[in-house]
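Only one structure is covered here, and it is reproduced in the block below.
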Amino acid sequence: MSHIGDRVDRFTQVIKEKALEALLVTTKENVYYISGYYGLGQWSTAPAKAWALLMKDGSVHLMVPSSETDYLAMVDFSAASVIPCGQFHYVWGENNGSEGESRKMERVLNDTDGVEISDLQTALKRGLDRQGLRRGTLGVDEDALSLEGYHGIRQIWPGEIEHCSAALLHCRMQKMPDEIDALRRGVAATEQGYLNALSALRDGITEIELASIVEKTLVESGSWPETTVVGSGERSAFPNALPTNRRIRPGDILRFDIGGVLDQYHSDISRCVFVDSATDRQNAYQAALLTGHEAALEMIRPGVRADQVFEVITAAVHGAGMKHFKRHHCGHGIGLHVYEMPMISPADDTVLREGMVLCVEVPYYEVGFGGLQIEDAILITASGCEPLTTLKRRFDVIPLTRGGKSMPAPW
């Protein structure tokens, strides 16, 4: 949370550049970014259940459901004021809670001055009234708003409204040191899940059993599982393969595309192995994809455009013999959302900058043959890029464990 002030400064710059009176932040990622607040409803349901009003002076005013004020007692958040809204009934003991968290929650709930605030729109009106705002242009982070919510804001605010979600996404592209640390730790936890799953590979094990090992490892690390794609054999060609009771067999391609969320920051990595043996075609395709992947890592540095990286990847894979390789993107930014800007695609001419964290991926899905994928998280440095993923990229041939014999380590 030590960089909250710097994050607020980034969003406040949007207020200045667009000559706004204030900025209403609605997406769960952006509310967390400038306040540190998150709640169960905020991260598990849509539309968003909490908003934040950012003023020109950098003060943040939170509007949260009364049912989730306990999160405000438990998390390290930063806000000038909190306006609870909606009905929820707490019963207070004689001492109203003697411990720090209980007393902190009581103070938040007492901030309503006895006025019943039914919903977020009413809470916003109260926040605007407190700040004396009546006219001008209100910036709105529109991406998380329902149509009803947007119309509600229109009824409350008599002035102009300017959509700002795209500008705020740009603000989040370059990561702060604490964000990089969270992303690095998330990658490490996900890698360990992959390694633990491979260590358990044995005759008769199923996709679901391997997926459960990945997810158990993530939970034990303090993460929660977000994406657990485990596809084997022909199912490895399914980009979003849901793990099944299919047993892993000799000759399978076994593809993992996995990630979790640690301290609200996402991880997303992918690796494959060949079970017992690999065909010449599998090895040739692996080599071509790896050529494209390594060409990207050699090229990525500040000043290079995202679309140029895509072109280099595609050309390298084609040059290595896979003339039919075709993709719509070969990577994406990552952070509070698993897909952030920029996209490594022919349509994105974003200039890469130091501090961006990208997932570079070169996947290939052929129904009837299988799927092959390499995906690394990388940090753009002053002179190039640093892989946050430490797993080796070449796909190993991994034997199934049989008759009590141990499997060689896959790293």
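Starting from residues that are within 25 Å of V14 (Cα to Cα) and surrounded by fewer than 22 Cβ atoms within 10 Å (Cβ to Cβ), keep the ones in segment 47-75 and report whichever is modelled with the lowest pLDDT. Reasoning before the result, please.
Initially, segment 47-75 is screened for residues within 25 Å of V14 (Cα to Cα), giving 47-64.
Checking which are surrounded by fewer than 22 Cβ atoms within 10 Å (Cβ to Cβ) leaves us with 47, 55-59.
Numbers: P47: 74, M55: 97, K56: 96, D57: 96, G58: 96, S59: 96.
The extreme case among them is P47.
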Scope segment 218-240; condition closer than 12 Å to I258 by Cα and either without any contact (Cβ under 8 Å) to a residue 60 or more places away in the chain or of a type in the set (S, T, Y) (or both); matching residues: L218, W224, P225, T227, T228, V229, V230, N240
Residues satisfying the stated conditions in segment 277-310, i.e. surrounded by 14 or more Cβ atoms within 10 Å (Cβ to Cβ) and of a type in the set (D, E): E294, D307
Residue match in segment 162-170 (condition: outside the structural domain of T350 (by TED's automatic domain parsing), touching a helix residue (DSSP H, G or I) at 6+ places or on another chain (Cβ under 8 Å) and outside any helix (DSSP H, G or I)): yes
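Between G368, G335, which is within 26 Å of L262 (Cβ to Cβ) and either loosely packed, with under 15 Cβ neighbours inside 10 Å or touching an Asp or Glu at 6+ places or on another chain (Cβ under 7 Å) (or both)? Walk me through how you get there before you give the answer.
Details: G368 fails: within 26 Å of L262 (Cβ to Cβ).
Sole residue among the options that is within 26 Å of L262 (Cβ to Cβ) and either loosely packed, with under 15 Cβ neighbours inside 10 Å or touching an Asp or Glu at 6+ places or on another chain (Cβ under 7 Å) (or both): G335.
The values are calculated or read from the model by the stated rules, or taken from the named source; none is laboratory data. Bear in mind the structure is a predicted one, so any value in this text is a computation, not a measurement. Cβ: placed from backbone, ideal geometry, glycine included. Neighbour counts: every protein chain shown.
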